[in-house]
Amino acid sequence: MRTLYIECNMGAAGDMLMSALYELMDEKQKEEFLKRMNGLGLPGVSITPREAVTCGISGTHMEVTVYGAEEHEPGDDHAGLHGDHHGHDHAGLHGDHHGHEHGETLHGCHGHGHGEMHGDHHGQEHGGTHPGHHHADPLHIAELIAGLNLPEEVRSNAGQVYDAIAGAEAKAHGCPVEQVHFHEVGALDAVADVTGVCY
């Protein structure tokens, strides 16, 4: 086993981490990775590496689409949440993200609304709905991961990632883990990101 240290002062989105790890693979490993990831069994999910140049730095952008739509396509309007890069030289290497999601990656617990941030619909938040964009609880995510066409170790690691997120969210909202509802991290593209990083 090797240890990789990632300095992510500005955070790192799942597709950015997956892109960085993908670049460490040889050609045969890349081919196997893409074959495996595109055969996960996630409805409508497709993963395609794209060459990208951001802030003058070239790298790979791992395009994760659900039924042909990428969650954060270049040029989409998210009320300035992703905007221009702010002079950091590596956070945008693998895509258009700054390494953060829409302010908050989780929806919270039953009965705990975020009012202006989330409401009960995503249409208000993003100006429309996104394919595969829904709320999911930890049990739903665990069942989804358990059914993926991946080695047991990868499924186990992906499950542990979601367990850690659910535990942190439950603690932050003062509720049992079973009552946590994932927002962004419960979407199909995020499940693909997490499993791709764990692969």
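With respect to the conditions (1) closer than 22 Å to residue 187 by Cβ; (2) among the polar types (S, T, N, Q); (3) modelled with pLDDT under 95, residue 38 lacks only one, and its number is (3).
Quick check: is even one residue across region 160-181 within 18 Å of residue 6 (Cβ to Cβ) and polar (S, T, N, Q)? Checked against the condition, which is being within 18 Å of residue 6 (Cβ to Cβ) and polar (S, T, N, Q), region 160-181 yields at least one hit.
Test of understanding: among 77, 96, which residue is exposed (fewer than 13 other Cβ atoms within 10 Å of the Cβ) and modelled with pLDDT under 90? Outline the logic, then answer.
Details: 96 fails: exposed (fewer than 13 other Cβ atoms within 10 Å of the Cβ).
Result: 77 is the single residue among 77, 96 that is exposed (fewer than 13 other Cβ atoms within 10 Å of the Cβ) and modelled with pLDDT under 90.
Do we have any residue at all in region 171-187 that's closer than 28 Å to residue 67 by Cβ, assigned to a helix (DSSP H, G or I) and touching a strand residue (DSSP E or B) at 6+ places or on another chain (Cβ under 7 Å)? Checked against the condition, which is being closer than 28 Å to residue 67 by Cβ, assigned to a helix (DSSP H, G or I) and touching a strand residue (DSSP E or B) at 6+ places or on another chain (Cβ under 7 Å), region 171-187 yields at least one hit.
Before we move on, is residue 25 at pLDDT below 80, farther than 20 Å from residue 184 by Cα, over 19 Å from the mean Cα position of the chain (by Cα) and in a loop (DSSP other than H, G, I, E, B)? So residue 25 does not fit the description; no.
Against the numbered list (1) modelled with pLDDT under 95; (2) among the hydrophobic types (A, V, I, L, M, F, W, C); (3) over 14 Å from the mean Cα position of the chain (by Cα), residue 33 comes up short only at (1).
Residue count for region 181-199 under the criterion of being modelled with pLDDT of 90 or more and closer than 10 Å to residue 141 by Cβ: the result is 3.
Checking the structure you have, find out if any residue of region 44-61 is among the basic types (Lys, Arg), at pLDDT 90 or above and in contact with a Phe, Trp or Tyr (Cβ under 8 Å, 6 or more places away or on another chain).
Of the residues in region 44-61, the ones among the basic types (Lys, Arg) are 50.
Then drop every residue that is not at pLDDT 90 or above, which leaves 50.
Pick out the ones that are also in contact with a Phe, Trp or Tyr (Cβ under 8 Å, 6 or more places away or on another chain) and you get none.
No, there is no match, as no residue in region 44-61 is among the basic types (Lys, Arg), at pLDDT 90 or above and in contact with a Phe, Trp or Tyr (Cβ under 8 Å, 6 or more places away or on another chain).
When region 21-58 is examined, which residues are found to be closer than 22 Å to residue 2 by Cβ, out of contact with any strand residue (DSSP E or B) (no Cβ under 8 Å at 6 or more places or on another chain) and in contact (Cβ under 8 Å) with a residue 40 or more places away in the chain? Before you say what the answer is, go through the steps one by one.
Taking region 21-58 and keeping what is closer than 22 Å to residue 2 by Cβ, we get 21-34, 36-37, 49.
Pick out the ones that are also out of contact with any strand residue (DSSP E or B) (no Cβ under 8 Å at 6 or more places or on another chain) and you get 21, 24-29, 31-33, 36.
Within region 21-58, 21, 33, 36 meet the criteria.
The values are calculated or read from the model by the stated rules, or taken from the named source; none is laboratory data. This is a predicted model, so every value here is computed, not measured. A quick note on method: Cβ atoms are made from the backbone with ideal geometry, for glycine too, and the neighbour counts reach across all protein chains shown.
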